[in-house]
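The values are calculated or read from the model by the stated rules, or taken from the named source; none is laboratory data. Source: prediction; values computed, not measured. Using ideal geometry, Cβ is built from the backbone for each residue, glycine included, and neighbour counts are taken over all protein chains shown.
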Amino acid sequence: MKKISTCLNLLFLLLFAASTAIAQTSISGKITDAANGDGLAGVNILVKGKVLGTVTDINGNFKLSVSDAPPFTLQISYIGYTTQEFVVSNAAMSNIDIKMQEQTMLGQEVVISASRVEESILESPVSIEKMDILAVQSTAADNYYKGIASLKGVDVTSSSINFQIINTRGFANTGNTRFVQLTDGMDTQAPALNFPIGNLNGPSELDVESVELIPGASSALYGPNAFNGILLVNSKSPFEYQGVSAFSKVGINHVGGGEKSGHDAAPLYEGALRYAKSFNNKFAFKVNLAYSKAEDWHGTSDVDREIARTPEGFSSNPGSDRLHYMGDEASINLAIFPLSANWNVLARNAVFEPGVSAQTYAAAGDLPSNVVSVTPYKEVDLIDYGAENKKASVGLFYRPNDRMELSYLFNGGWGTSIYTGAQRYSLNNFGIMQHRLQLRGDNFYVRAYTTRENSGDSYITEFLAKRVNDLAAARVNPNFDVSSALGNYGIEYLRYLYNSGYAPGDVNALSDAERIQVQQAGHAYARGVFNDLFVLDPNSKEFQDIKKRALVGVVPKGPGFNDRTNLYHAEGQYDFKNEIDFMELQVGASYRLYELNSGGTIFDDADAPITIAEQGIYTQFGKWIGDRKVKLSGSVRYDKNQNFKGRVNPRLSAVWKVKENHNLRASFQTGFRIPTTQGQHIDLSIISARLLGGLPRYAEKYNLTEVSSTGVPLGYEGFSVQNYGTAVFNQGATPAAIFNPANIALLTPVTTFNPVKPEQVKSFEIGYKTLIQNKLLIDAGYYYNIYDDFISQIRIRKATEYTSATAPSPELVGTPNYATILNGTDLNTFQIYTNIDQTVTSQGTAIGLTYNLSRGYTISANHSWNVLNDVPENFLAEYNTPEHKVNVSFANRKLTDIIGFNVAMRWQTEFEWQSSFVAPAFGMVPAYTTVDAQMSFKLPNIKSMLKVGGSNILNTYYIQSLGGPNIGAIYYVSLTFDELMN
């Protein structure tokens, strides 16, 4: 905080020292369309080399006062028109008449993000994509953020209708911690999650000026976690975009209903309002409000994570754990019940006839080695599908002189959404707010901002299901919970054997076919009794009352969170372009502080907030040589996180102008990913296990490498425990099987733990970009990545130690009670972050073509190819990326003077989805094709644009991730008003 305060003090000193200039030159004039002579409203006029500028009014007129004496140059730009420069030669110029020629901006875009300085997109040293203001306004998708999917190499994963995650170059997930997203220079990550939250607190399309995307490693300039790529969203300046604008959208989704949709057709609404005003080119402000509401896409998948444990010969799995069914995460193997003293009490009291009880049957081995799970509720019964997003932003801008601009910016987003992580989370009434203070000039900026997170009423849906089941079980018996209810299931299974006339032990003497038939019937009977006793009707008042009670409380007592995590960031950059002319040189530095404050519900911060500090410093140079034929550039950045060693990340690149508008590029750079705040400090129960951060303190807190008093390890690697359990249950779960030396030999002891450390990548890229006859733009590239120290999680289960009071025989005192690892809970099972000591590589290509046809028609196409190489056996890669993706679009924004259209098609191949949510049932995301389309109608008399369109207009339901929702069509009509619309 002291460092941030120092940066702010420096900012105000610079402001005070620079605020004494007096205007010397006055300029006025009019800007018109060369084709028809109409005045152009909203044209940008900028004094070259300064922050000073203005815009034309509704009639195309402008006035500007400049403190410098002539000569100086005005840069005049307007989207869709050729940028011009005008030299001001004397101190009082009026009635300037400038005519602008309409032009398609093919290959003429200026980008900033590739090198953190302005440069032509054709001369960028790395791959970069851009959506300008026209592309934002005319996207074929139902909003501009979803339209980013049409850029080459981009993957989009949706957890909710209002929550999309962007990714490039592999290793996609529903929460992408390898990708950085900036809005007006502010990192949009949720500090407690460390991944961008889509556009939940970003600008509406009314306030977006441009979107820039860099695929691939960018740590050399942007620091930690710019690992797979970076997205920059730039909002409109109130100096340059003034007046009132508004839009309203009405649509419909869930068209067709049915099983895939999970809901009948439902309306959706979206609206936004923007107002910006400038006073004498000195002070300006803007206000933005946006709101959207819809019935969210439903999760309806019945994919069984535990299909592999279906008993041989069974037609269904009594121990199923389906993706979008909640509560069946709680399960147990029936054969374990006789090992429980509490269950044996229940079984002795379950007397079927004098001298014959459930315990009699259990002692005869009649409980089969079958896993059974709790009867679940559908996700729709527990999660909030009422997607809602409220956003507001306020910007205040002040120019003390022509060279500096001071601004304050507030962005806030609130609402309800769904996030798929290790579990399904209902983000209810969440809030995330950002405050930014910035001073910038033509060659420098200093900014400081904070991101403040509020979890509101958010909860873990699976945890809610457990609480509902616990409370439902307590109705039957005040001492019952889910485990007791499953114990009752075992008793009712044995009751079926008695009612069917089987004596204890008889079933085991049957043929395989007969035994399987009896066992399935026994499960059906026990399930029926279980459902009658413990499962509620989701439509009943009793269920709703219990659900309301179950929602009370935060982890570990209830399903809710109490997260108030904050992020503080300060950074600055200086460009020596005014001091050095023989080369380009920039330097920059940053400081970041995380303040983890979840009240013990996510992190180990119940007693006090946890802080994590990061610092970084970088420099970059560039130089054209050989009469601007070759540009060589390089950068190096050093970053230090308080919990890890410092990292140096270089980038070297070259651009060779083969001839005019034909450029070859090559680059090498490194990147790294610091373990997330959760990867460092999480301490969270997920019912079946406890998630732990990978810092040494957590392995020590839970003593994961503990040995017994006789020196025998008590912790065992998760997969080996699974193999051990299979062997034990296949042998009847008897004491002899539990202590069988051959079975115990299957266990892999955990005697050491390697604390988590940053993940690393080395990236090589070559590319070619050309503009042919100002009609055909070609951009092609190839990359090769080498990854080391993959951040992953391992599962450890601990056995309890026999004491003199619990050991069945004296020789077992001080040895592990292996029976205690046959069932996992958050008390004995730990999932902790660490690194995998294996190297993998990936490679890919991307090629994009844009061709301007006659009369304003444009056709674009791009193809991406991505593959993961050298994948070790049993390696959890979570690559989650289709090998092939194709986008094709056909558009004409001025088919006539009032009509425009855009049609975009996206196709991708099937691919395997791996994640902690679906594990161990990794499966395929099917290939899909979607078509988005829109037609726009200009209504000049009311300065408005009517748009009719839809996303996925063929209404072919598809998923973007295994465990994600089914996504159908959205059809909409929108009306946009702009006071300065030409």
Quick one: K63 ticks every box in (1) in a strand (DSSP E or B); (2) closer than 25 Å to S210 by Cα bar one, so which box is it? (2)
Within the stretch 193-226, tally of residues that are closer than 21 Å to E571 by Cα, in contact with an Asp or Glu (Cβ under 8 Å, 6 or more places away or on another chain) and either basic (K, R) or not in a strand (DSSP E or B) (or both): 3
Every residue from the stretch 882-926 that is of a type in the set (S, T, Y) and at pLDDT 95 or above: S889, T909
Sort out which residues of the stretch 435-466 are among the aromatic types (F, W, Y), surrounded by 22 or more Cβ atoms within 10 Å (Cβ to Cβ) and over 19 Å from N194 (Cα atoms), and write them in order of number. F463
Output yes when any residue across the stretch 104-117 is at pLDDT 85 or above and either buried (at least 20 other Cβ atoms within 10 Å of the Cβ) or under 37 Å from the mean Cα position of the chain (by Cα) (or both), and no when none is. no
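Being buried (at least 22 other Cβ atoms within 10 Å of the Cβ), more than 29 Å from L849 (Cα to Cα) and touching a residue at least 60 places away in the same chain (Cβ under 8 Å): is that true of S150 here? Working first, answer last.
Numbers: buried (at least 22 other Cβ atoms within 10 Å of the Cβ): yes; more than 29 Å from L849 (Cα to Cα): no; touching a residue at least 60 places away in the same chain (Cβ under 8 Å): yes.
Considered against the rule, which asks whether it is buried (at least 22 other Cβ atoms within 10 Å of the Cβ), more than 29 Å from L849 (Cα to Cα) and touching a residue at least 60 places away in the same chain (Cβ under 8 Å), S150 comes out as no.
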Residues in the stretch 416-432: is at least one assigned to a strand (DSSP E or B), at pLDDT 95 or above, polar (S, T, N, Q) and under 30 Å from V66 (Cα atoms)? no
When restricted to S278, S218, S237, the only residue farther than 29 Å from N429 by Cα, under 19 Å from the mean Cα position of the chain (by Cα), in contact (Cβ under 8 Å) with a residue 12 or more places away in the chain and not assigned by TED's automatic domain parsing to the domain that holds D57 is S218
Every residue from the stretch 105-142 that is over 26 Å from Y445 (Cβ atoms) and hydroxyl-bearing (S, T, Y): S138, T139
Does any residue of the stretch 962-974 turn out to be at negative phi, free of Cβ contacts under 8 Å to residues at least 24 places away in the same chain and among the hydrophobic types (A, V, I, L, M, F, W, C)? no
Can you say whether V156 is buried (at least 23 other Cβ atoms within 10 Å of the Cβ), part of a strand (DSSP E or B), modelled with pLDDT under 95 and not acidic (D, E), as far as the supplied structure shows? no
Exactly one condition in (1) among the β-branched types (V, I, T); (2) surrounded by 15 or more Cβ atoms within 10 Å (Cβ to Cβ); (3) under 30 Å from H863 (Cβ atoms) is false for I772; which is it? (2)
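Results for (1) at pLDDT 50 or above; (2) in a loop (DSSP other than H, G, I, E, B), shown as yes or no for each residue.
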site: L13; (1), (2): no, no
site: S19; (1), (2): no, yes
site: I22; (1), (2): no, yes
site: G29; (1), (2): yes, no
site: G42; (1), (2): yes, yes
Selected residue (criterion: nearest to F753 (Cα to Cα)) from residues of the stretch 712-733 that are in contact (Cβ under 8 Å) with a residue 60 or more places away in the chain and more than 42 Å from the chain's Cα centre (by Cα): V712
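Among the listed residues G299, G262, G257, which satisfies the condition of being at positive phi and in contact with a strand residue (DSSP E or B) (Cβ under 9 Å, 6 or more places away or on another chain)? It would help to see each step written out before you state the result.
Working: G299 fails: at positive phi; G257 fails: in contact with a strand residue (DSSP E or B) (Cβ under 9 Å, 6 or more places away or on another chain).
Answer to the check: G262.
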Within the stretch 337-374, residues under 30 Å from M326 (Cα atoms) and without any contact (Cβ under 8 Å) to a residue 12 or more places away in the chain come out as A341, V345
Which residues, taken from the stretch 385-415, are part of a loop (DSSP other than H, G, I, E, B) and either under 19 Å from D207 (Cα atoms) or at pLDDT below 95 (or both)? D402, R403
So in the stretch 782-830, with the set limited to residues that are of a type in the set (S, T, Y), touching a residue at least 24 places away in the same chain (Cβ under 8 Å) and out of contact with any strand residue (DSSP E or B) (no Cβ under 8 Å at 6 or more places or on another chain), which one is surrounded by the fewest Cβ atoms within 10 Å (Cβ to Cβ)? T825
Among (1) within 21 Å of F917 (Cβ to Cβ); (2) in contact with a helix residue (DSSP H, G or I) (Cβ under 9 Å, 6 or more places away or on another chain), where does T676 come up short? (2)
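Within the stretch 504-525, work out how many residues are under 10 Å from D366 (Cα atoms) and not in a helix (DSSP H, G or I).
3
Residue check: is G251 in contact with a helix residue (DSSP H, G or I) (Cβ under 6 Å, 6 or more places away or on another chain) and either without any contact (Cβ under 8 Å) to a residue 40 or more places away in the chain or not in a helix (DSSP H, G or I) (or both)?
Numbers: in contact with a helix residue (DSSP H, G or I) (Cβ under 6 Å, 6 or more places away or on another chain): no; either without any contact (Cβ under 8 Å) to a residue 40 or more places away in the chain or not in a helix (DSSP H, G or I) (or both): yes.
No; evaluated as a whole, the condition is false for this residue.
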Pick from the stretch 467-487 the residues that are out of contact with any strand residue (DSSP E or B) (no Cβ under 6 Å at 6 or more places or on another chain) and aliphatic (A, V, I, L, M): which of them is surrounded by the fewest Cβ atoms within 10 Å (Cβ to Cβ)? V476
Considering (1) within 29 Å of N539 (Cβ to Cβ); (2) without any contact (Cβ under 8 Å) to a residue 40 or more places away in the chain, say which one V468 fails and leave the rest. (2)
Of everything in the stretch 384-410, what is of a type in the set (S, T, N, Q) and free of Cβ contacts under 8 Å to residues at least 40 places away in the same chain? Give them in sequence order. S407
